[in-house]
Amino acid sequence: MEVYGPRPGYIGALLRHFGDLRDGTHGGADSRPDKERLFAAAVALLDPRARQVLDEVNVYLLLDDGKVAATGVRHRDGGVEAVWSLTWPEQQAAGINPIVIRAYFGAGFLHPHLQSDTVGDWPLNVFDEEQAEAELPTLRAMAAADVHNLVFQLGGDIRIVPAVLNSSG
């Protein structure tokens with residue numbers, strides 16, 4: 001077996017996730033209120049990173065014409081969630097959803113997850129700054145996949161991404 005250096009952060013996140021499934025806990029917490037407190041703390045840790053990722057997409061793909069918004073932790077459908085979104089004029093004119101990064105802890109769930117609007121779910125097992133920083137590539141991948149899938153929903157119409165139209169290569 002070839003070893004590629006220190007274990008990547010996403011492997012640690014998966015191991016924490018699978019450990020939670022095995023043990024019926026989340027970060028060592030057994031009760032729903034304790035798990036929701038850990039969720040709220042994870043949202044606070046991820047907030048600057050989610051905003052950074054959406055700001056990067058806004059600056060480099062949307063030519064700073066978009067708007068990043070965040071809900072903070074809110075109760076919804078018996079669970080809790082926090083949503084970060086990026087809207088821009090071409091997306092709104094096309095009638096498609098914004099780019100979304102969502103942290104949620106569904107009512108019947110054992111632990112929370114991350115989700116983008118068009119891609120799917122990722123485990124959310126963040127309990128400190130280092131683990132939150134390790135999620136930055138995941139958040140970037142989520143946002144990038146969302147942009148791709150939004151273009152795909154429009155049959156490949158790249159006009160919703162201003163930087164593509166103004167690019168010289």
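The values are calculated or read from the model by the stated rules, or taken from the named source; none is laboratory data. A quick note: this is a predicted structure, and the numbers were derived from the prediction, not measured. Every residue, glycine as well, gets a Cβ built from its backbone with ideal geometry; the counts of neighbours run over all protein chains shown. Accessible surface areas use protein heavy atoms only, side chains included; no ligands, DNA or RNA. Shrake-Rupley method; radii C 1.70, N 1.55, O 1.52, S 1.80 Å.
Numbers for the structure displayed
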| read-out | value |
| --- | --- |
| Portion, in percent, of the accessible area of segment 119-169 that falls on carbon or sulfur, probe 1.4 Å | 54 percent |
| Residue-averaged [θ]222 nm for the chain, counting only DSSP H segments that reach four residues, each worth -39500 (n - 2.57) | -14500 deg cm²/dmol |
| Spacing of the two label points (7 Å from each Cα toward its C-beta) at T71 and L136, in nm | 2.7 nm |
| Rounded tilt (10° steps) of 136-153 against the dominant C-alpha axis of the chain | 50 degrees |
| Accessible area in square angstrom per residue, the chain, 1.4 angstrom probe | 53 Å² |
| Accessible area (Å², 1.4 Å probe, nearest 10) - K67 | 140 Å² |
| D30-F109 pseudo-label distance in nm [points 7 Å out on the Cα-to-Cβ vector] | 2.3 nm |
| Between 0 and 90°, nearest 10: helix 32-60 axis offset from the chain longest Cα axis | 20 degrees |
| Dipole magnitude (debye, nearest 20) for the chain, charges at Cβ of Lys, Arg, Asp, Glu | 240 debye |
